[in-house]
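Notes for the one structure printed next.
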Amino acid sequence: MSSRDADEGMPTPSAAAQQHSARLAEVIRTEIEGAGGNIPFRRYMELALYAPGLGYYAAAGSDQLTEAADFITAPTVSPLFARCLARQCAEVLAELGGGDVFEPGAGSGVLAAEILAELDRLAALPGRYRILEPSPALQQAQYETIRQRVPALTDRVEWLQAWPEPFEGVVIANELLDALPVEGFRIGERGPEQRCTVVNDSGFADSWRPAPGELAQSIARVEADLGRPLPHGYVSEIQTAYGGWFDGLAGSVQRGAVLLVDYGYVRSEYYLPERHMGTLVCTRAHRAHDDPYDWPGLDDITAFVDFTAVTEAATAAGFELEGFTPQAQFLFATGLESVAESALASEDDRERMLASQAIKRLTLPGEMGEKFNVIGFSKGLDHTLTGFSQRDLSRRL
Ligand SMILES: C[S@@+](CC[C@H](N)C(=O)[O-])C[C@H]1O[C@@H](n2cnc3c(N)ncnc32)[C@H](O)[C@@H]1O
């Protein structure tokens, strides 16, 4: 399929957005040519999302990229989401006798602002709220959001350039793991192949080469765990970056909890035979499509998360699994009903309606309630986390 075939039914990007995409495409083309004609798809995804000043997230917030508002995530649906997470934070901070909150990949900054606001109401503010965000444009957006929503707490927020120095506290990341570049692979006639990106007449296209050692071993480990080989022709994704990510995090977290919210599956569901075309999802102008080469820099590219792989990487790095539960059950367990009570009882029709719509969106199985899961890890905590008390699906991991 040529790249632009995916555009059928999609709005055409503005002239400025097209020029922006062309500049990024040139950067990617130069790298492919310098690499001898192809780069791993993982590297293409990294450039398409994070190339300085040009990638989808790196440029998010700049004027020509209004489509960047594509990532409507739970924190942007309603502050109720952040308020429930804040209650879980407060519980951990109380056990630790204080500490920091660390949020890698803070997007628009709404989650940070609303968690701080709720922790303030609960008289449970962290010493510092630290954000690690690779996109300077998003760092700026986060600063503005926090300054507008919680001006008196802005001083507590720090932006980091690398993992924080060792601290005690809570790590929160919403939809971060799905935005990390993934390896693509295919089971070819002579064994596993790595998805690579080449230049063609219409832009970029896939090419496949024998999987290098580390990728081949990762695929073999998945097959061993599934207890069956993946069939010939099977295409999917595999996350080889989790190990390094959790090792980095483990160097920072001395004691505390890690809460990760994302969409994905446990491994046995991730690699089901019917999911033979993989899990990659591209989004532009709020429409999902499957061509990552469509308009580089204008499309979000994500892959579903293998929560079994997350657990393996986290526990290998020294964390303990605390629980794994659908988002809906996590929110109910951390007090969604009581948090929403005043909005639902409001005299203001609009406030009541918005709260009720938000609850449905965050918790209904067909909406975010079961598509998203919360996975929790801990280090050095004695008490179990309330968020996993209603329904814990850890045994399925
Ligand atoms: C899908 S967005 C989610 C944003 C936000 N958490 C939310 O829920 O709205 C992914 C975020 O992760 C950031 N990000 C990507 N790779 C990262 C990394 N290695 N460390 C920290 N943040 C990262 C992106 O720039 C972006 O802010």
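The values are calculated or read from the model by the stated rules, or taken from the named source; none is laboratory data. Everything numeric here is computed off the predicted structure, so don't read it as measured data. Glycine gets a Cβ as well: all are built from the backbone with ideal geometry, and neighbour counts include every protein chain shown.
A few remarks follow.
- The stretch 378-389, residues that are touching a Ser or Thr at 6+ places or on another chain (Cβ under 7 Å) and among the polar types (S, T, N, Q): 386
- Residue 291 meets each of the listed conditions (1) surrounded by fewer than 23 Cβ atoms within 10 Å (Cβ to Cβ); (2) charged (D, E, K, R); (3) under 29 Å from residue 84 (Cα atoms) apart from (3).
- First in the stretch 94-109 and over 14 Å from residue 130 (Cα atoms), second anywhere and more than 9 Å from the ligand (Cβ to nearest atom) and hydroxyl-bearing (Ser, Thr, Tyr), Cβ under 6 Å, 6 or more apart: 108/145
- Here residue 218 meets each of (1) part of a strand (DSSP E or B); (2) more than 16 Å from the ligand (Cβ to nearest atom) with one exception, condition (1).
- Given (1) modelled with pLDDT under 95; (2) part of a loop (DSSP other than H, G, I, E, B); (3) among the hydrophobic types (A, V, I, L, M, F, W, C), number of the condition residue 230 does not satisfy: (1)
- Against the numbered list (1) surrounded by fewer than 16 Cβ atoms within 10 Å (Cβ to Cβ); (2) among the aliphatic types (A, V, I, L, M); (3) in contact with a strand residue (DSSP E or B) (Cβ under 9 Å, 6 or more places away or on another chain), residue 106 comes up short only at (1).
- Selection status of residue 67, under 20 Å from residue 50 (Cβ atoms), acidic (Asp, Glu), out of contact with any Ser or Thr (no Cβ under 8 Å at 6 or more places or on another chain) and at pLDDT 95 or above: no
- Residues of the stretch 20-64 satisfying the condition of being in a helix (DSSP H, G or I), closer than 19 Å to residue 286 by Cβ and within 16 Å of the ligand (Cβ to nearest atom): 48, 49
- Test: residue in the stretch 123-131 that is assigned to a helix (DSSP H, G or I) and under 18 Å from the mean Cα position of the chain (by Cα): no
- So residue 159, is it aromatic (Phe, Trp, Tyr), assigned by TED's automatic domain parsing to the domain that holds residue 32, in a strand (DSSP E or B) and surrounded by fewer than 21 Cβ atoms within 10 Å (Cβ to Cβ): no
- Residue selected from the stretch 162-189 under the condition touching an Asp or Glu at 6+ places or on another chain (Cβ under 7 Å) and near the ligand (Cβ under 8 Å from one of its atoms), by the criterion farthest from residue 95 (Cα to Cα): 178
- Residue in the stretch 233-270 that is nearest to the ligand (Cβ to nearest atom), counting only those that are over 23 Å from residue 323 (Cβ atoms) and in a loop (DSSP other than H, G, I, E, B): 241
- Checklist (1) within 14 Å of the ligand (Cβ to nearest atom); (2) modelled with pLDDT of 95 or more; (3) surrounded by 23 or more Cβ atoms within 10 Å (Cβ to Cβ); (4) assigned to a helix (DSSP H, G or I) applied to residue 83, failing item: (1)
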